[in-house]
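To start, the structure under review is shown below, and the notes come after it.
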Amino acid sequence: MRREELSAVLGVVKKSLKPYLGRFPSNTRLPERGRSRKEILDEIRTMKSEEQRVWREGYVSGAVYHGDEEFVGFLSDVYALNAELNPLHPDVWPRATRFEAEIVAMTASMLSSDRSPTREQDGGVCGLITSGGTESILTAMRCARDQARTERGITQPELLMPATAHAAFSKASQYYGLTPVRVPVDAAGRADVAAMRAAITDRTAAMVGSAPGFPWGVVDPIEELSALAHERGIWFHTDACLGGFLLPWAERLGEAVPPFDFRLAGVTSMSCDTHKYGYAAKGTSVVLYRNAHLRRYSYFTMTDWPGGLYNSPTMAGSRPGALSAEAWAALLNMGEQGYLDATRRIVDTAKAIRKGIAAIPELRLLGDSLLVAAFTSDVFNAYALQDLLSARGWNLTGLQLPPGIHLGMTLRTAQPGVADRFLVDLGAAVAELRANPGRGSLMAPIYGLGQAIDTEVSLGDVLTGYLDVQYEN
Ligand SMILES: *Cc1c(COP(=O)(O)O)cnc(C)c1O
């Protein structure tokens, strides 16, 4: 791609991300006098009403995991009651510590803290509240790095993971000076245990497995991977950001779920998102540690600051306690029965959609999953298929290496009629490709840039430009 082509692509991006330019005033400096609340609320309502159909009617992969109006209304009431809460001042708002300690305890118990084989000697599983899956992962990886440096003398740490581990692990590597080592997965999309074993070195600070990984929604062989790490004294992290609030309930419902949690003695830490299948509002997640000693690697304390004695458990200073209140309320309102019912609906929807895909000869499912339908085609261009689904209103994730399409199930997808509608639209898109099998896609060359080396503009430049555009007016 050449520079001029990049500006053309970013022009298209800007059009789609900035539909309100020219329609509403562009606020690039403060209004001299504050605008009326009614006017502000009306403007937000207009934008909301234009945007909500797509996610509300189940056209989006992932993104909004619950979204029922009454439930969201309840969470908003909880927010309003706690709007001023800042857990940085626990003495002012002691209820914030109750919300957070109880979210951690409920999450840990769901992930088998009471069945941890080491709890007698080390005091048991504990955790922290963060702003989301990425911060949970960053926090755990920083702890792993510091533990490896302090207790194992590792000064040039490596982070060993399957290729499918979330991008946040590479972000953690970039932030904290770890060398990311990504190992190809097997044909089923699961971490390759032998290849992971072969990639361990004396610098391996931490190893990762996902339950499940994002791309195909498959659970890695955590039992084998964590045992490997355990033998060598390496920190092992299970990324259950996506599956943490779904797999335990699927297991209870009799689905085949391989062990991935604190039942395994080798699992050192876990990330588990309240804001995905926990159904809390966006902005909270839980990071869990096998014991309190390991959690302390996350703490920051300062005793000689003119501003006073200072301590904080995670990256942020001030934090939105109202979001913790919402997460606490979501967990309590759902309860075991609520999570079981939601999981049943989601898993059934995934099965119905996967069955429909499997019945189309030109398509091939990628991996085995209870909550994701990932698929590709050996006949058509997968991105051409994605374009045709987009034209029918679907907002799906394009996968790469190999190319494919990802639909993550939520309670939105589990609404009556959505799976059928998806399969009808998929059938129609496939029929169009049968009539025109050579059809290409705008996206295919963009993904191709990931591998190209001799172009003026790289795929990284496109992604960087995409971020810049978001802050344009
Ligand atoms: C969503 C997700 C994350 C990151 O979570 P954010 O909340 O988006 O930061 C990490 N791992 C997996 C498997 C995920 O699906």
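Within the range 358-398, being surrounded by fewer than 19 Cβ atoms within 10 Å (Cβ to Cβ) and touching a residue at least 60 places away in the same chain (Cβ under 8 Å) holds for Ile360, Glu362, Asp368, Gly393, Asn395, Thr397. The listed residues are Arg203, Arg190, and the only one of them that is open to solvent by 60 Å² or more (accessible area, probe 1.4 Å), out of contact with any His (no Cβ under 8 Å at 6 or more places or on another chain) and within 15 Å of the ligand (Cβ to nearest atom) turns out to be Arg190.
What are the residues in the range 334-357 that are in contact (Cβ under 8 Å) with a residue 24 or more places away in the chain, farther than 20 Å from Leu242 by Cα and of a type outside the set (A, V, I, L, M, F, W, C), if any? If the condition is that a residue be in contact (Cβ under 8 Å) with a residue 24 or more places away in the chain, farther than 20 Å from Leu242 by Cα and of a type outside the set (A, V, I, L, M, F, W, C), then Gly356 is the only one that fits. Looking only at residues of the range 239-257 that are away from the ligand (no atom under 16 Å from the Cβ) and assigned to a helix (DSSP H, G or I), we find that the one that is most open to solvent (accessible area, probe 1.4 Å) is Arg252.
Residue-by-condition table, conditions (1) in contact with a Leu (Cβ under 7 Å, 6 or more places away or on another chain); (2) among the hydroxyl-bearing types (Ser, Thr, Tyr):
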| residue | (1), (2) |
| --- | --- |
| Ala101 | no, no |
| Met106 | yes, no |
| Leu111 | yes, no |
| Thr118 | no, yes |
| Ile129 | no, no |
| Arg149 | no, no |
| Gln156 | no, no |
| Leu160 | no, no |
| Thr164 | no, yes |
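Tell me yes or no: at least one residue of the range 85-96 is β-branched (Val, Ile, Thr) and within 16 Å of the ligand (Cβ to nearest atom). Looking for residues that are β-branched (Val, Ile, Thr) and within 16 Å of the ligand (Cβ to nearest atom), one finds none in the range 85-96, hence no. Just checking, which of Gly408, Gly465 is in contact with a Ser or Thr (Cβ under 6 Å, 6 or more places away or on another chain) and open to solvent by less than 50 Å² (accessible area, probe 1.4 Å)? Within the list Gly408, Gly465, the selection yields Gly408. For the range 110-129, the criterion of a residue being at pLDDT 95 or above, under 20 Å from the mean Cα position of the chain (by Cα) and open to solvent by 30 Å² or more (accessible area, probe 1.4 Å) is satisfied by no position. Selection of first residues in the range 161-181 that are at pLDDT 95 or above and polar (S, T, N, Q) and of second residues that are assigned to a strand (DSSP E or B) and within 11 Å of the ligand (Cβ to nearest atom), restricted to Cβ pairs under 7 Å at least 6 apart or on distinct chains, gives the following pairs, ordered by first then second residue: Thr164/Ser210. Looking across Val208, Val219, one residue alone is within 15 Å of the ligand (Cβ to nearest atom), outside any loop (DSSP other than H, G, I, E, B), among the hydrophobic types (A, V, I, L, M, F, W, C) and buried (at least 24 other Cβ atoms within 10 Å of the Cβ). It is Val208. In the range 152-160, the count of residues that are out of contact with any Asp or Glu (no Cβ under 8 Å at 6 or more places or on another chain), closer than 25 Å to Ala327 by Cα and at pLDDT 95 or above is zero.
Those helices (runs of 4 or more DSSP H) of the range 117-176 in which 3 or more residues are under 22 Å from Ala316 (Cβ atoms) occupy 133-152, 167-176. I'd like the full set of residues that are part of a strand (DSSP E or B) and either crowded, with 22+ Cβ neighbours inside 10 Å or in contact with a His (Cβ under 8 Å, 6 or more places away or on another chain) (or both), limited to the range 258-303. Once the filter is applied, which keeps residues that are part of a strand (DSSP E or B) and either crowded, with 22+ Cβ neighbours inside 10 Å or in contact with a His (Cβ under 8 Å, 6 or more places away or on another chain) (or both), the range 258-303 yields Ser269, Met270, Ser271, Cys272, Ser285, Val286, Val287, Leu288, Tyr289. Would you mind telling me which numbered condition in (1) surrounded by fewer than 17 Cβ atoms within 10 Å (Cβ to Cβ); (2) closer than 30 Å to Leu423 by Cα; (3) not aliphatic (A, V, I, L, M) Gly67 fails? Answer for Gly67: the failing condition is (1). Contact map, the range 230-247: first residue at positive phi, second residue away from the ligand (no atom under 15 Å from the Cβ), Cβ cut-off under 8 Å, separation 6 or more or different chains; pairs are Gly233/Arg152.
The values are calculated or read from the model by the stated rules, or taken from the named source; none is laboratory data. It should be emphasised that the depicted structure is a prediction, and the values quoted were computed from it without experimental measurement. Reconstructed Cβ throughout: ideal geometry from the backbone, glycine too, with neighbour counts over all protein chains shown. Side chains are part of the model used for accessible areas, which takes the heavy atoms of the whole protein and leaves out ligands, DNA and RNA. Shrake-Rupley method; radii C 1.70, N 1.55, O 1.52, S 1.80 Å.
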